[in-house]
Amino acid sequence: MSTARRWLLVTGASRGIGRAIALKLAQDGYGIIAHCRSAPERLAPLCAEIAAVGSEARALAFDIADRAAVAAALESELIAHGPPYGVICNAGLAQDGTFAGMSGEAWDTVLTANLDGFYNVLQPLMLPMIRQRRGGRVVVLSSVAGQIGNRGQVNYSAAKAGLIGAAKALALELASRGITVNCVAPGLIETDMIAAAPREDLLKLIPAGRIGRAEEVAALVSYLCSDAAAYVTRQVIGINGGLC
Ligand code: NDP
């Protein structure tokens with residue numbers, strides 16, 4: 001990496017996979033714009049850990065589903081600090097239930113955060129990132145549910161499949177600019193998100209016989225952000241213990 005520090009925006013860095021990604025990328029030498037939904041002071045311990053590994057961090061908070069709020073926060077960020085080198089679209093949520101009983105609200109909440117969030121966060125950053133003329137990275141957290149569907153997650157599967165289409169199309173638009181766009185599609189990873197999942201039943205479906213760790217996903221994202229991955233774009237990379 002060159003001497004000028006590259007900055008990456010990691011959405012949903014307050015916990016789970018996003019937190020592990022932020023720490024790993026900081027260890028790699030990137031400055032981290034750590035994001036969570038609200039109360040950015042919650043990111044203070046993470047920012048301290050990032051400083052302890054010799055990198056820098058700042059905190060941002062907005063609801064990725066709130067287009068106006070995202071635009072305002074990113075405009076301030078761009079004015080104060082300029083465009084980031086890349087974005088890890090990690091923030092996401094699930095609201096599970098069988099489709100027959102699914103409320104419109106559960107559908108809208110999941111689609112608006114997970115899929116509209118892609119537009120809300122990335123679109124305002126695109127032209128500024130392109131105009132930097134120094135390449136860049138976009139990594140989008142999809143899911144195995146977006147590849148093969150998951151019972152009780154019709155809304156989540158739709159959103160995560162939509163992200164794959166969006167990322168592949170965006171990769172085409174950005175490839176000549178040296179900005180790669182890839183999806184990471186995790187299987188079951190140990191975080192708050194799977195707290196209520198039927199663990200014993202799910203374990204039977206995972207050939208590796210265990211649930212994955214956030215650090216394992218972070219290692220993959222680290223590779224995709226590296227200079228070594230400059231020729232990897234428009235891909236969906238599963239990390240699922242063989243559950244696919
Ligand atoms: P967690 O529930 O542990 O963390 C979710 C993160 O996203 C938090 O930082 C949360 O912020 C943020 N977030 C959620 N909704 C919003 C919102 N509307 N606006 C802003 N921030 C929001 O999830 P995981 O770490 O498990 O998941 C991370 C990503 O990986 C998600 O996109 C998820 O869909 C995907 N994934 C996870 C899998 C798993 O098994 N865990 C499997 C496949 C994909 P805050 O703390 O402020 O609420």
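The values are calculated or read from the model by the stated rules, or taken from the named source; none is laboratory data. From a predicted model like this one, the values you see are computed outputs, not experimental measurements. Using ideal geometry, Cβ is built from the backbone for each residue, glycine included, and neighbour counts are taken over all protein chains shown. Accessible surface areas use protein heavy atoms only, side chains included; no ligands, DNA or RNA. Shrake-Rupley method; radii C 1.70, N 1.55, O 1.52, S 1.80 Å.
For region 95-156, list the helices (runs of 4 or more DSSP H) that sit wholly inside it and hold at least 2 residues that are over 19 Å from the mean Cα position of the chain (by Cα) and free of Cβ contacts under 8 Å to residues at least 40 places away in the same chain; which are they?
Hits in region 95-156: 104-111.
Could you say which residue among Ile179, Ile189, Ile194 is in contact with a strand residue (DSSP E or B) (Cβ under 7 Å, 6 or more places away or on another chain) and closer than 15 Å to Leu141 by Cβ?
From the options Ile179, Ile189, Ile194, the qualifying one is Ile189.
So in region 5-42, with the set limited to residues that are more than 9 Å from the ligand (Cβ to nearest atom) and open to solvent by 60 Å² or more (accessible area, probe 1.4 Å), which one is nearest to Ala69 (Cα to Cα)?
Result: Glu41.
Answer yes if at least one residue in region 208-216 is in contact (Cβ under 8 Å) with a residue 12 or more places away in the chain and touching a Pro at 6+ places or on another chain (Cβ under 7 Å), and no otherwise.
Yes.
Given the condition part of a helix (DSSP H, G or I), β-branched (Val, Ile, Thr), open to solvent by 10 Å² or more (accessible area, probe 1.4 Å) and away from the ligand (no atom under 11 Å from the Cβ), answer yes or no: does some residue in region 179-198 qualify?
Looking through region 179-198, none of the residues is part of a helix (DSSP H, G or I), β-branched (Val, Ile, Thr), open to solvent by 10 Å² or more (accessible area, probe 1.4 Å) and away from the ligand (no atom under 11 Å from the Cβ).
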